[in-house]
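Enquirer: Below: one structure in structure tokens.
The values are calculated or read from the model by the stated rules, or taken from the named source; none is laboratory data. Because the structure is predicted, anything quoted here is derived from the model rather than measured. Here the Cβ is made from the backbone with ideal geometry for all residues, glycine too, and neighbour counts use every protein chain on show. For the accessible areas, the whole protein counts, side chains as well, though only heavy atoms, and no ligand, DNA or RNA atoms are used. Shrake-Rupley method; radii C 1.70, N 1.55, O 1.52, S 1.80 Å.
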Number of protein chains: 6
Amino acid sequence: MSVVVQNIERPEAAIVEGLAECGVATVHEAMGRKGLMRSHMRPIYAGARLAGPAVTVSIAPGDNWMIHVAVEQCREGDILVVAPTSPCEDGYFGELLARSLMHRGVRGLIIEAGVRDVRDLAEIGFPVWSKAVFAQGTVKETIGSVNVPVVCAEAAVQPGDVIVADDDGVCVVPRAEAKATLDASHAREAKEAETRKRLMAGELGLDIYGMREKLAAKGLRYV
Amino acid sequence: MSVVVQNIERPEAAIVEGLAECGVATVHEAMGRKGLMRSHMRPIYAGARLAGPAVTVSIAPGDNWMIHVAVEQCREGDILVVAPTSPCEDGYFGELLARSLMHRGVRGLIIEAGVRDVRDLAEIGFPVWSKAVFAQGTVKETIGSVNVPVVCAEAAVQPGDVIVADDDGVCVVPRAEAKATLDASHAREAKEAETRKRLMAGELGLDIYGMREKLAAKGLRYV
Amino acid sequence: MSVVVQNIERPEAAIVEGLAECGVATVHEAMGRKGLMRSHMRPIYAGARLAGPAVTVSIAPGDNWMIHVAVEQCREGDILVVAPTSPCEDGYFGELLARSLMHRGVRGLIIEAGVRDVRDLAEIGFPVWSKAVFAQGTVKETIGSVNVPVVCAEAAVQPGDVIVADDDGVCVVPRAEAKATLDASHAREAKEAETRKRLMAGELGLDIYGMREKLAAKGLRYV
Amino acid sequence: MSVVVQNIERPEAAIVEGLAECGVATVHEAMGRKGLMRSHMRPIYAGARLAGPAVTVSIAPGDNWMIHVAVEQCREGDILVVAPTSPCEDGYFGELLARSLMHRGVRGLIIEAGVRDVRDLAEIGFPVWSKAVFAQGTVKETIGSVNVPVVCAEAAVQPGDVIVADDDGVCVVPRAEAKATLDASHAREAKEAETRKRLMAGELGLDIYGMREKLAAKGLRYV
Amino acid sequence: MSVVVQNIERPEAAIVEGLAECGVATVHEAMGRKGLMRSHMRPIYAGARLAGPAVTVSIAPGDNWMIHVAVEQCREGDILVVAPTSPCEDGYFGELLARSLMHRGVRGLIIEAGVRDVRDLAEIGFPVWSKAVFAQGTVKETIGSVNVPVVCAEAAVQPGDVIVADDDGVCVVPRAEAKATLDASHAREAKEAETRKRLMAGELGLDIYGMREKLAAKGLRYV
Amino acid sequence: MSVVVQNIERPEAAIVEGLAECGVATVHEAMGRKGLMRSHMRPIYAGARLAGPAVTVSIAPGDNWMIHVAVEQCREGDILVVAPTSPCEDGYFGELLARSLMHRGVRGLIIEAGVRDVRDLAEIGFPVWSKAVFAQGTVKETIGSVNVPVVCAEAAVQPGDVIVADDDGVCVVPRAEAKATLDASHAREAKEAETRKRLMAGELGLDIYGMREKLAAKGLRYV
């Protein structure tokens, strides 16, 4: 049942770039508040913001063999998404694998498990979002699959979906919704720019969003 | 049952400033080792140290409507304290709300839930202590209360209590104890300065604090 | 049953230095993938990398008396390892104790509990790996032991074992295995340097490690 | 700062009995959805349902001395509420202390920590709601307070407040609200009895509560 | 974006019954070790073992409105699967909703959140697998969807998939794989029956499974 | 580095029986309050109380091969102790392995991981203390060791140490301390029997243990 799917459809590069610029919070809202991975997925260093198509890996606990298999399936701009088949925080990934991915142009790693060599990874600028930092080594005994649907940190990911990641976490945009999500993100940004201006001038959200009447209708009392 | 209490008593500004300078660990000790929020309340960036009167918000899970209501109740120097009525880590708060609070002179946010736009918040210098960083959006459907007593991260907070927060966490000083706590904090600092000098000169705590005899009486054996 | 063991055997300094340079991930692998503390042991600031012989402390929950006792047993280059007898995250340790340890040349603290004054500790450059940052104060009522075997974050530690710690976590090298571990670490580093060069030149791990045949034998299918 | 408050006001017995019969879920709702302790407070055996005035204990981590002090303050029908000053799961309480409390007519124990001898406690029928079952022993070195306000599992408890506990958890009813809460609980039960009858006859909540129109107004689509 | 899908395809009843008899562990293995929900999904009482087609509910945190909507979509033999859009442990479900579901022939509830009235649910025999027991009440303000794909406790669930649940947890069988999974489960059971007989007669797994040679080849040494 | 140690020293049977009768809480206290595994180690069913010499297994995450190897090393009266080399909650163990162990007279299993078939295990009366109930299957690819020192749930265990387990958890008694611990346990039981009688007659611990004076000396005030 272990397979490597070699040809996956990827979204248009310009759309991916656009989503990266919008960032996780905006994209998540623009999609109708869905697609987020759980909050335990944290970046190993602050400041990275990126997007790319997902190359997915379904992997055994404590066994990183399939990451080596997945490297070959990655292209310029991809993001590797690794989901163990049962909860695990072993250190599946370190600097050597990052070197290999960087050579292929991979932008980052999303892994619901552990990672190590984090100082080196920061120095060479390879961003990772993970569940843990843990040096625990892994074996190469059990096979899994590459480019199959996975659930990672409670988000369903299909190969080729757009991963957006920044300091706020990780969001998954289904490939078919990428264009619409980008448009909705831009609309949201435009609206927020207008709101930002008014808030910085001292207007209250209560007035900008017309909330006072609704609050009174709900029964809110001022004392 | 949802109310907004509009007039709360705030502590004297000079006392608040003094407590901010002393920091969480000193203030907590000076109060008799109480008032701390749980250790899962972490700053979104390192280095902030501040104090201010609490404007409290009791809020529904996944619903940030009452934060908008609370903004209007804040004054220069306040700290917003947000406590969901059941455990939640949704991202109730981001850069736009921070802009609005900054315009009113609010110094920071304490929230036992999630927060988002953390890179932007760091850039504009609005400090937050939260349970999680999570982009998950919230709705505006359910009302709550502003300036009522709340329990936040297992600390009881009354509106107008002094919140002290730094890299060590968050401490709550009841308004009525603020002056006495500041005095006790200063006394503790003076004593620690003296101890610091002796420790840096190589004296041992065993001798400075006169512990050897008590340890022997308890039965400690050196082998 | 509470004792302070005053004379412990320490490993050779040159070996300790060598292990520090190799870092946690390499040393853990070189020992045969063992000796790691759990991943909840995190550094209070990034970038520290060090090694030293362990001075161990078995300590009561919420009571830091024995840390004062342990200070006297520490020598230049040591690392203090503190293990509460039941789970606790109180702030056993802060800047004053760090001053005292620094005067004796102690390199760092490993504590499966909480620590406070973390901003000060970063400023004076005293590295700590802990389970929590928590300002909660402790008492001085109950004795424990110094330089007895402890279990810290699920790693067994004997006094005089080498502690290696960096951004990846904390590893314990039994004193008797220190020399062999250093040699194995150096061998691993040499091999990794070679692999790094090949990966950066674009070779795949699949080929470098000769994995393709084994994967096929396991039944991996490419589709 | 350690005190034992010897005279506390207790609620009327008939009200307490009434609240016990209503149970946690009903009482919590009748109070306006507040007063619950966190869900990690679990009964050591199923089936107990009780209520009583709180005798509160603020206690050091790993130190059960003050429980012995508190026993003397308990009367027939009371419930002991024990809150450590920092998170702890040590086994503060076992069969012997239960015997002592039972002799005084105490109905049960609520403790945000550990408990032991759970098989014996079940056999003698002394109910406990705790954060953990843990045999870890405690010391008697540090004093605390009896009958002071505490926060227990994120619920604020005043001495004399009514504790209601059953398989669903633990709820705190402020003494001043006990009568009104009982009345509201009875009203809720009457209403639920009516609803139960209709649901068991096959009517839908959608119709009983008149939800269809509101759902349509919110935009719910049936496809 | 909130929809109620009214017609879903359900698996054949005989297959569902067969899977219920096999139980979670066997079915999970027969599917190739996948489909399990996380281990925090626990039954509220021991001994229930069942299977049925999933009616799925995507629901807001702290808001159980959509469960009322979902009831109407349920048929004899179904299992309700409720997944909040962000982590929540509020008590979405109690005895009244269970009465309503039982009237429609629903077999049980799977909810990655809290549940209450657990004593009543045990008495009336309505089984629930949940993340928590928590009496916290919920509101009816925000709509969600019924019979859309959800991720529940890190398992992807499509409406009409077969849910199998027992004391070991919860497993999801995609509808299209139900027949093949049942056949594989029966094959596994037959094989295990044979193995059971031999193990109970004292043969060792080492011999039954022919492991000795492979272990020696891996380098296992007996000393 | 993987070995199976075939001959281990076991404690005298009468001592083991004696410790079983005393139970975890008494034995832990009699040893000087040490040896406990963490509180997340819970029995799969209530009421079992047993003791036996440990046969230890160091095992890879998600791989139960070495349990099959360990079965052969077990004798009448032993207890199997399984510790994964990194945190894992997979279901390493079920009814078939239990049958095999029961045939050899093994009394129970202690595993810091998951277990499955828990209903069957209860029916056939094979007690297990585990970190989780989880049906997740494991592989047989990676070897480990049998009868080497392990750390299990933060307790150090040597092969042949006495494991004591009941509803309160799991305690480890070093073989060399078994006789002395049994004697101390009996002494403690005798003393507790006396205390029990007095407490049940209404005497207070405050008086039995002579605490009043010490409390006054510490500064406890009655108000």
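Enquirer: Lysine pairs in segment E:118-223 with Cα distance under 27 Å, only those 8 or more apart or on different chains: how many are there? Before the final figure, lay out each step's value.
Expert: Values: E:K131/E:K140; E:K179/E:K191; E:K191/E:K214; E:K191/E:K218; E:K197/E:K214.
Value for segment E:118-223: 5.
Enquirer: Residues with beta-carbon under 14 Å from that of A:M41, excluding A:M41: net charge, scoring Lys, Arg +1 and Asp, Glu -1? List each step's numbers first, then the result.
Expert: Working: positive: A:R38, A:R42, A:K131, B:R116; negative: A:E89, A:E112, A:E154, A:D166, A:D167, A:D168, B:E89, E:E154.
So the environment of A:M41 carries a net charge of -4.
Enquirer: Quick check: from the Cα gyration tensor, does segment F:37-93 come out rounded (a/c under 1.5), prolate or oblate?
Expert: oblate
Enquirer: Starting from a label point 7 Å past Cα on the Cβ side, list the distances from B:E76 to the same position in the other copies, nm, shortest first.
Expert: Its label point is 5.6, 5.6, 6.2, 7.4, 8.7 nm from the equivalent points in the other copies.
Enquirer: What value, in deg cm²/dmol to 500, does the helix sum -39500 (n - 2.57) over DSSP H runs of n ≥ 4 give at 222 nm once divided by the residues of chain D?
Expert: Counting only the DSSP helices, I get -9500 deg cm²/dmol.
Enquirer: Along Cα-to-Cβ, 7 Å out, sits the label point; list in nm, shortest first, how far the one on B:E194 is from those in the other copies.
Expert: Shortest to longest, the spacings are 4.7, 6.5, 6.5, 7.3, 8.4 nm.
Enquirer: Closest approach to the B-A rotation axis by any Cβ of B: residue and distance in angstrom?
Expert: That would be B:A46, 6, residue then distance in Å.
Enquirer: Viscosity 0.890 mPa s, temperature 25 °C: give me the Stokes-Einstein translational D for segment B:135-206 in µm²/s, with Rh taken as the Kirkwood radius over C-alpha pairs.
Expert: Details: Rh = 16.0 Å.
The Stokes-Einstein estimate is 153 µm²/s.
Enquirer: Still on this structure, I have one more. With a cut-off of 13 Å, note down the residues of segment D:29-69 whose backbone N falls inside the zone around a label point 7 Å from the Cα of F:K214 toward its beta carbon.
Expert: Residues D:63-69 qualify, since their backbone N sits under 13 Å from the label point.
Enquirer: If r is the Cβ-Cβ distance from A:E21 to B:M102 and R0 is 35 Å, what FRET efficiency results, to the nearest 0.05? All intermediate terms of the calculation are to be shown ahead of the outcome.
Expert: Working: r = 24 Å, r/R0 = 0.70.
Result of the calculation: an efficiency of 0.90.
Enquirer: Now a separate question. Quote the relative contact order of chain C in percent (integer), defining contacts as alpha-carbon pairs under 8 Å separated by 6+ residues.
Expert: With pairs under 8 Å counted, the relative contact order is 29 percent.
Enquirer: Something else: How big a patch of accessible area, both sides summed and in Å² to the nearest 100, lies buried between A and C at a 1.4 Å probe? If you can, show how the numbers build up before the last one.
Expert: On the way: alone 11670 and 11680 Å², together 20190 Å².
Between A and C, the summed buried area is about 3200 Å².
Enquirer: Then there's this: How large is the accessible surface per residue of chain B, computed with a 1.4 Å probe and reported in Å² as a whole number?
Expert: Numbers: 7650 Å² over 223 residues.
Counting only protein heavy atoms, the per-residue value for chain B is 34 Å².
Enquirer: Give the Cα extents of chain F along the principal axes, in whole Å, largest first.
Expert: 66, 38, 36
Enquirer: May I ask you to give the percent of accessible area on segment C:88-181 that is carbon plus sulfur, with a probe radius of 1.4 Å?
Expert: Working: 1090 of 2320 Å².
Carbon and sulfur together cover 47 percent of it.
Enquirer: Another question, if that's okay. Shielding by partners for D:77-90, please: the mean number of other protein chain Cβ atoms within 10 Å of each residue's Cβ. Before the final figure, lay out each step's value.
Expert: Details: counts 0, 0, 0, 0, 0, 0, 1, 2, 8, 16, 14, 7, 7, 10.
Per residue, the average neighbour count from other chains is 5.
Enquirer: Quantify how strongly other chains surround peptide A:149-159 by giving the mean number of their Cβ atoms within 10 Å of each of its Cβ atoms.
Expert: Averaged over the peptide's residues, the number is 3.
Enquirer: Which of the residues in segment A:182-223 show a loss of at least 40 Å² in accessible area from their chain by itself to the complete set of protein chains, at a probe of 1.4 Å?
Expert: SASA drop of 40 Å² or more in segment A:182-223: A:R196, A:L199, A:M200, A:L204, A:L206, A:M211, A:L215, A:K218, A:L220, A:R221, A:Y222, A:V223.
Enquirer: Using modelled amide H (1.01 Å from N, peptide plane; none on Pro or chain starts), what sits under 5 Å from the amide H of F:V139, excluding residues fewer than 5 places away?
Expert: Counting only residues 5 or more places away or on other chains, the set is F:D63, F:N64.
Enquirer: Hey, another quick one. Please figure out what share of the DSSP beta bridges in chain C is antiparallel and state it in percent, rounded to the nearest 5. It would help to have the intermediate numbers written out before the result.
Expert: Values: 17 of 35 bridges.
About 50 percent, rounded to the nearest 5.
Enquirer: Moving on. Top mean-square fluctuation among A:Q158, A:Q73, A:Q136, Gaussian network model of chain A, C-alpha springs under 10 Å?
Expert: Highest fluctuation among the options: A:Q136.
Enquirer: When each pair of different Cα atoms in the protein assembly as shown is counted once in the 1/r mean, what is the Kirkwood radius in angstroms, to one decimal? Could the numbers behind the result be given before it?
Expert: On the way: mean 1/r = 0.0310 Å⁻¹.
Value: 32.3 Å, from the Cα pair sum.
Enquirer: A further question on this structure: With springs only between Cα atoms under 10 Å apart, run a GNM on chain B and tell me which of B:L206, B:L121, B:L80 wobbles the most.
Expert: In the Gaussian network model the winner is B:L206.
Enquirer: Label position 7 Å from Cα toward Cβ: report the copy-to-copy distances for E:G105 in nm, one decimal, ordered from shortest.
Expert: With the label placed 7 Å along Cα→Cβ, E:G105 yields 5.5, 5.5, 5.7, 6.9, 8.2 nm.
Enquirer: How charged is the neighbourhood of B:A132? Take every other residue with its Cβ under 12 Å from the Cβ of B:A132, and add Lys/Arg as +1 and Asp/Glu as -1. List each step's numbers first, then the result.
Expert: Values: positive: A:R38, A:R42, B:R42, B:R116, B:K131; negative: A:D168, B:E89, B:D90, B:E112.
Residues near B:A132 contribute +1 overall.
Enquirer: Counting partner chain Cβ atoms within 10 Å of every residue's Cβ in B:41-48, what's the average? Intermediate results must be reported in sequence, preceding the final value.
Expert: Values: counts 2, 2, 1, 2, 2, 5, 2, 1.
Mean partner shielding for this stretch: 2.
Enquirer: Run the quick spin-label model on B:A201 and A:E189: label points 7 Å from Cα toward the beta carbon, then report their separation in nm to one decimal.
Expert: Going from the B:A201 label point to the A:E189 one covers 6.2 nm.
Enquirer: Net charge around E:E141, counting only other residues with Cβ within less than 11 Å of its Cβ (Lys, Arg = +1; Asp, Glu = -1)?
Expert: Summing Lys/Arg as +1 and Asp/Glu as -1 gives +2.
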